[in-house]
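Only one structure is covered here, and it is reproduced in the block below.
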Amino acid sequence: MEAKERIIVALDVATIEEAKRLAIQLYPYVGGFKIGLELITSEGGPEVVRHLDDVCGRFYFAGMWEGNPSQIFYDGKFMDISNTVAGAARAVTRLGVKMFNVHCLGGVKMMSAAKKAAEEEASLRKTPRPLILGVTLLTSLDYKALRELRLIEDFSYADPVEQREAEKKILQRKVVELALVAQEAGLDGVIASAQEIELIRKWSQPRFLIVTPAIRPVWAVADDQKRIDTPSAAIKAGADYLVIGRPITQPPKEIGGPIEAVKKIIEEIESVL
Ligand code: C5P
């Protein structure tokens, strides 16, 4: 995969207008656009996809997709009973998106149902099946949050450094375990932070996809992201795709606009490919 194809821009905006403005500028330089809950909920998923497809030169004509392949990662994070998620998977497959995601914590049956439904719908419509990614543990959930939910066992060390290390390890182990369960359930890959890539790569099959958010080039500000990594470090660790939002959509003034920012990131990725 070329450097530019690996970049997925997070369109974390509230309106189709804003999303289109960014997509028109960035379309020639990236491999995709992630649309998430804010945009989908405020404007309607199918409507957003239609407008972005239009920008990317893709259209539905006489029962067939024509033009360029889809560039859309539909970040709907589905989690519900299997029957409902299967319905959502069929619906998102009809939109012809490139990829979408489900929560691994919805269970093996739910993940398999999503895959089966997407496969059936894609073959019915003679379109490629979207890639399906698992969300392992949200990175906003730390050890304390998982303890509150009673999802991991309690332990305490007298030494706070030892305690922090143990907490980090147990979280990493959970993420890797969930990623492997997602693989067994037939998903194509997972969303994983840079810290988890190497371990997942070590245990998963070679073609298992890893999509990594919380990416910050050295010239960008961290914003609210805590466990960040540079584009080159994430690619070197084994990420297939990088989800990058603000460093591209709101770059520091001295870098220029979104196009200059994305070109710098492409150069950085190319340096390690
Ligand atoms: O602007 P920024 O580069 O931080 O955007 C990252 C995108 O990736 C956002 O859409 C965010 O919701 C998403 N994401 C994340 N961390 C995760 C999963 C998704 O930052 N663990």
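The values are calculated or read from the model by the stated rules, or taken from the named source; none is laboratory data. On a predicted model such as this, the values are computed, not experimentally measured, just so you know. Note that each Cβ is placed from the backbone with ideal geometry, even for glycine, and that neighbours are counted across all protein chains shown. Note: areas computed on protein heavy atoms with side chains; ligands, DNA, RNA excluded. Shrake-Rupley method; radii C 1.70, N 1.55, O 1.52, S 1.80 Å.
Across the range 201-229, the number of residues qualifying as of a type outside the set (S, T, N, Q), within 14 Å of the ligand (Cβ to nearest atom) and within 14 Å of the chain's Cα centre (by Cα) comes to 5.
Hey, among the residues in the range 14-46 that are open to solvent by 20 Å² or more (accessible area, probe 1.4 Å) and aliphatic (A, V, I, L, M), which one's farthest from the chain's Cα centre (by Cα)? Break it down stepwise before answering.
Residues of the range 14-46 open to solvent by 20 Å² or more (accessible area, probe 1.4 Å): 14-15, 17-18, 20-21, 24-25, 27-29, 34, 37-38, 40-44, 46.
Now narrow it down to the ones that are aliphatic (A, V, I, L, M): 14, 24, 37, 40.
Numbers: Ala14: 19, Ile24: 21, Leu37: 13, Ile40: 15 Å.
Of everything passing the filter in the range 14-46, Ile24 is farthest from the chain's Cα centre (by Cα).
Return yes when Lys174 is basic (Lys, Arg) and either within 15 Å of the ligand (Cβ to nearest atom) or touching a strand residue (DSSP E or B) at 6+ places or on another chain (Cβ under 8 Å) (or both) and no when it is not. Spelling it out, Lys174 is indeed basic (Lys, Arg) and either within 15 Å of the ligand (Cβ to nearest atom) or touching a strand residue (DSSP E or B) at 6+ places or on another chain (Cβ under 8 Å) (or both).
For Glu198, the conditions (1) within 13 Å of the ligand (Cβ to nearest atom); (2) among the charged types (D, E, K, R); (3) in contact (Cβ under 8 Å) with a residue 12 or more places away in the chain; (4) farther than 23 Å from Ala114 by Cβ all hold with the exception of (1).
Note on the range 108-158: residues that are at pLDDT 95 or above and among the small types (Gly, Ala, Ser) amount to 8.
Would you list the strands (runs of 3 or more DSSP E) that sit entirely within the range 94-196 and hold 1 or more residues that are open to solvent by 40 Å² or more (accessible area, probe 1.4 Å)?
Numbers: elements: 99-103, 131-135, 189-191.
Where strands (runs of 3 or more DSSP E) fall fully within the range 94-196 and carry at least 1 residues being open to solvent by 40 Å² or more (accessible area, probe 1.4 Å), they are 131-135.
Is at least one residue of the range 28-45 over 20 Å from Glu121 (Cα atoms) and of a type in the set (Phe, Trp, Tyr)?
yes
Taken together, the residues in the range 133-157 that are touching a Phe, Trp or Tyr at 6+ places or on another chain (Cβ under 9 Å) and within 16 Å of the ligand (Cβ to nearest atom) amount to 1.
In the set Gly63, Gly76, which member is more than 16 Å from the ligand (Cβ to nearest atom), within 22 Å of Pro128 (Cα to Cα) and not charged (D, E, K, R)?
Details: Gly76 fails: more than 16 Å from the ligand (Cβ to nearest atom).
Among Gly63, Gly76, only Gly63 is more than 16 Å from the ligand (Cβ to nearest atom), within 22 Å of Pro128 (Cα to Cα) and not charged (D, E, K, R).
For residues that are within 15 Å of the ligand (Cβ to nearest atom) and either β-branched (Val, Ile, Thr) or without any contact (Cβ under 8 Å) to a residue 12 or more places away in the chain (or both), tally how many sit in the range 181-195. Walk me through it before giving the result.
First, pick out the residues of the range 181-195 that are within 15 Å of the ligand (Cβ to nearest atom): 182, 189-195.
Now narrow it down to the ones that are either β-branched (Val, Ile, Thr) or without any contact (Cβ under 8 Å) to a residue 12 or more places away in the chain (or both): 190-191.
Number satisfying all stated conditions: 2.
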